[in-house]
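Note sheet for the following structure.
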Amino acid sequence: LSIEIGTEVKNQNKMLSEMDNDFDSAGGLLGATMGRLRTLSRGSQTKLLCYMMLFALFVFFVIYWIIKLR
């Protein structure tokens, strides 16, 4: 029984380390995206950023509406 517990602990530790790596890569991607948004907002392209936000909000509501109809 203790050997099986040890094997399970090793498997769980491996899974946790893989999740940690996945979260690190997602965090890096999110950080890069936020950096691009900051660069975009610093320039004279604030109108473009506003359009992008409005488009994202529109897409969100369309998806919500489609899900609600089901």
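Structural remarks
- Dipole check for the chain: with +1 at the C-beta of Lys and Arg, -1 at the C-beta of Asp and Glu, and the Cα centre as origin, the magnitude is about 680 Debye.
- Solvent-accessible area per residue, Å², over the chain with all protein chains present [probe radius 1.4 Å]: 94 Å²
- A dipole drawn for the chain from +1 and -1 charges on Cβ atoms has a positive end, and of Ile3, Phe55, Met15 the residue lying farthest that way is Phe55.
- Angle between the chain longest axis and helix 46-69 axis [Cα atoms, degrees, rounded to 10]: 60 degrees
- Rounded to 10°, Cα long-axis angle of helix 2-42 versus longest principal axis of the chain: 20 degrees
The values are calculated or read from the model by the stated rules, or taken from the named source; none is laboratory data. Note that the structure is a prediction, hence the values are computed from the model and not measured. Cβ atoms come from the backbone with ideal geometry, glycine included; neighbour counts cover every protein chain shown. The accessibility values were calculated without ligands, DNA or RNA, using every heavy atom of the protein model including side chains. Shrake-Rupley method; radii C 1.70, N 1.55, O 1.52, S 1.80 Å.
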